[in-house]
Amino acid sequence: MSIGDLVAATAAQIEEEGVVPEPVVESPMSGRARFAGREDPLVVLCSNNYLGLASDPDVVAATVAAVHEYGAGSAAARFIAGTTPVHLALEAALAELVGTAAAVTFSSCSTANHAVLATLADKQTLICSDELNHASIIDGVRLARAGAKQVYPHADLDALRELLTSHPLRDQAIVVTDGVFSMEGDLAPLPDLVDLCRRHGAFLVVDDSHATGVLGEHGRGTTEQLGVLGEVDAVTGTLGKALGGAAGGFVAGSADLARVLRRHARPYIFSNPVPPGVAAGSLRAIGRLREDPSLLARLRTVTERLRAGLSELDLEVLAGESAIIPCIVGEESRARHLGDALLDEGVLVTPFAYPVVPRGTARLRVQASAALSDDDVDRALTAFRSVTRLS
Ligand SMILES: Cc1ncc(COP(=O)(O)O)c(C=O)c1O
């Protein structure tokens with residue numbers, strides 16, 4: 001079959017499966033947002049806008065001011081003419097936030113994950129990756145020219161210890177894990193991972209995209225939450241979730257790591273950086289997190305209320321400390337039906353099914369946000385009560 005025919009056949013199959021079109025958002029993202037074709041704004045339970053900063057007036061103003069000062073962008077990669085003072089200030093603030101000496105920004109966390117794995121690995125390297133790691137880590141492992149790539153069972157320290165003890169390439173090992181696993185909402189066993197990696201001289205990379213600005217007393221991530229701040233070799237993260245909700249990513253670690261990435265990471269050298277406006281908005285978002293403890297406090301209150309309310313329903317709610325509350329419903333058809341029914345009640349929660357999660361574990365992934373008012377939470381829980389009773 002030619003590629004053209006293959007595309008046509010696959011597109012026809014997608015059409016037949018009746019995949020729901022992407023919702024088109026027509027307002028700033030917040031606790032409620034306006035969507036095309038809907039008269040009233042929907043309560044949003046599936047954005048990663050954890051701190052509600054995507055529509056924060058300060059963040060928006062900082063973004064706009066930087067656009068006026070620097071324009072849309074400097075039309076160049078960082079080393080050519082793409083570095084502005086805002087990029088440097090953002091990197092210093094990110095490093096300070098996650099407790100490392102330095103940070104390097106990329107156009108997304110996906111590219112940050114690709115960059116750190118592909119740059120550090122060579123034929124002598126063993127990469128050990130948790131089986132539930134995010135797709136961008138999996139792709140980073142694929143891109144890396146490592147001598148060996150091993151996927152260990154989820155959070156299985158014994159299996160990982162065995163690899164780090166016995167594998168022929170154990171002397172140059174990288175261990176990579178999510179800090180918070182995006183579909184389960186659980187946390188990686190970081191203190192044990194730090195200990196294990198230290199004992200075996202392995203380099204630990206933690207993708208904290210769902211934890212930076214969310215977990216830990218000051219929102220510094222899973223490392224702060226679990227008492228290992230500054231003890232991980234590389235923290236990767238996104239600017240597209242709690243830290244303003246725009247786009248961009250980073251790798252944070254030692255000054256040497258930053259130097260190596262700036263010199264050798266292909267997505268850094270051969271690609272434009274985040275635009276200065278986005279960098280300035282993200283920088284302001286970090287400032288808001290630092291200055292206003294009520295943001296994290298609100299996120300926690302909303303998380304607890306949602307978790308408690310959902311746990312009373314006919315759903316399997318996965319336990320956890322993060323702002324991700326997965327409600328397992330089993331079959332894809334039930335997940336879709338519940339998603340549609342919630343939509344009719346004015347609540348947006350996109351269902352996830354195979355291949356994003358294993359078959360039979362389709363789920364509604366509820367995400368808390370400081371932007372949700374008490375009224376939004378009440379509305380959401382009432383809707384959940386009504387649709388689960390009927391399903
Ligand atoms: C754990 C994790 N890592 C990386 C990413 C990708 O982030 P970005 O949108 O910045 O590429 C996501 C986004 O869904 C994620 O959940």
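The values are calculated or read from the model by the stated rules, or taken from the named source; none is laboratory data. These figures come from a predicted structure and were not determined experimentally. Cβ sites come from the backbone with ideal geometry, for glycine too, and all protein chains shown count toward neighbours. Keep in mind that these areas ignore ligands, DNA and RNA; they rest on the heavy atoms of the full protein, side chains included. Shrake-Rupley method; radii C 1.70, N 1.55, O 1.52, S 1.80 Å.
Okay, here's what the table says:
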{"item": "MRE, 222 nm, helices only [DSSP H, n ≥ 4, -39500 (n - 2.57), over the chain, to nearest 500]", "result": "-13000 deg cm²/dmol"}
{"item": "Pair Phe35, Ser271: separation of 7 Å Cα→Cβ label points (nm)", "result": "2.9 nm"}
{"item": "Over the chain, relative contact order from alpha-carbon pairs under 8 Å, at least 6 apart, %", "result": "22 percent"}
{"item": "Ala297 paired with Ala89, simple spin-label distance in nm, labels 7 Å along Cα-to-beta-carbon", "result": "2.8 nm"}
{"item": "Rounded, prolate or oblate (a/c below 1.5 giving rounded, otherwise prolate when a/b exceeds b/c) for the range 196-291 by Cα gyration tensor", "result": "oblate"}
{"item": "Relative compactness, the chain, computed as alpha-carbon Rg over 2.2 N^0.38 Å", "result": "1.00"}
{"item": "The range 237-310 - percent of accessible surface contributed by carbon and sulfur, probe 1.4 Å", "result": "55 percent"}
{"item": "Environment charge of Asn133, counting only residues whose C-beta is closer than 9 Å and scoring Lys/Arg +1, Asp/Glu -1", "result": "-4"}
{"item": "Cut-off 15 Å between beta-carbons: net charge of the residues surrounding Glu231, Lys and Arg +1, Asp and Glu -1", "result": "-2"}
{"item": "Rounded to 5, percent antiparallel among DSSP beta bridges of the range 57-291", "result": "40 percent"}
{"item": "Span from the the range 269-340 Cα centroid across to the the range 198-234 one, whole angstrom", "result": "18 Å"}
{"item": "Dipole magnitude of the chain about its Cα centre (Cβ charges: Lys, Arg +1; Asp, Glu -1), debye to nearest 20", "result": "1020 debye"}
{"item": "Relative contact order computed over the range 159-249 (Cα-Cα under 8 Å; 6+ residues apart), in percent", "result": "24 percent"}
{"item": "Accessible surface, the range 57-291, averaged per residue in Å² (probe 1.4 Å)", "result": "40 Å²"}
{"item": "With every protein chain in place, the range 64-171: carbon and sulfur % of accessible area (1.4 Å)", "result": "56 percent"}
{"item": "Protection proxy ranking of 173-185, 206-218, 263-275 - average other beta-carbon atoms within 10 Å, highest first", "result": "206-218, 173-185, 263-275"}
